[in-house]
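Only the coordinates and a few stated rules stand behind these numbers; no lab work does. For clarity, every value in this text was computed on a predicted model and none was experimentally measured. Don't worry about glycine lacking a Cβ; one is built from the backbone with ideal geometry, like all the others, and counts go over all protein chains shown.
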Amino acid sequence: MKYIITLAFVITIAFALSTGVLAATGAEMLLNISDFEAFDDCVEFTLSISLSRATQPYSSLDFNLVSSDYHNLTITNNNPDGSEDDLAISFVSGYGSAYHKGRVVEDSGEISYLIGIFSTSGGNTIIDETDICSVRLRYSGITPQHLSIRDLRLIYKTPAGLIDSVLIASPDELTISLDLFVEMEDLAIATSEWNDGKVSLLKYWPALLCIVCIVICSSIIKARLKRKAGV
């Protein structure tokens, strides 16, 4: 009976450890849009993708960056003639990286880009907050489109030397539209009025000029009154 209890205890501990490894690794992906530029037929912008500090070290990650319409929202090509795919994806230094040129789903019109980074040592060495990559995208047309992260996985080696992965919750999809860039432009104009924490006084030059004129006129009137009083 003692051996049966011991065996059951060992099996329980082993199961708990194995499930603990599967459930332990977690992190949160962060997306940020910046550096947009408007052209005659499109808007180009940069999407920065980063991952928060993980709860456990992992060896690599991959995910799909999905656009809802490959005609109107795609990653830009660094080759002007487009003869070869050289997508405008800049990865953080210090890790290996790879991406797929994109897979189009004809039924829905989506295009999915597989993107990933990995530890060059092959071990579970990634844990800190990581700026994964920045992607330059091109948006055209007037219909709002959607960007989403799908199938985000952290991949790691188990203590037994096996390869396993954890599916991480993806952030909400981003709606890309002309209104978004109008809002960003308004924000850029508002923040440009601040310099080193101080509001620029240039926008108030008419009021400042009036104040200066009032001061000068007051000084002249006072001086004349004094002269008359002296006479």
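A few points about this structure:
- Label-to-label distance for D40 and N79 is 2.5 nm, based on points extended 7 Å past Cα in the beta-carbon direction.
- Karplus-derived 3J(HN,Hα) values for region 41-54, using 6.51 cos²θ - 1.76 cosθ + 1.60 with θ = phi - 60°, are 10, 6, 10, 10, 8, 10, 9, 9, 10, 9, 10, 5, 4, 7 Hz; glycine and proline are entered as x.
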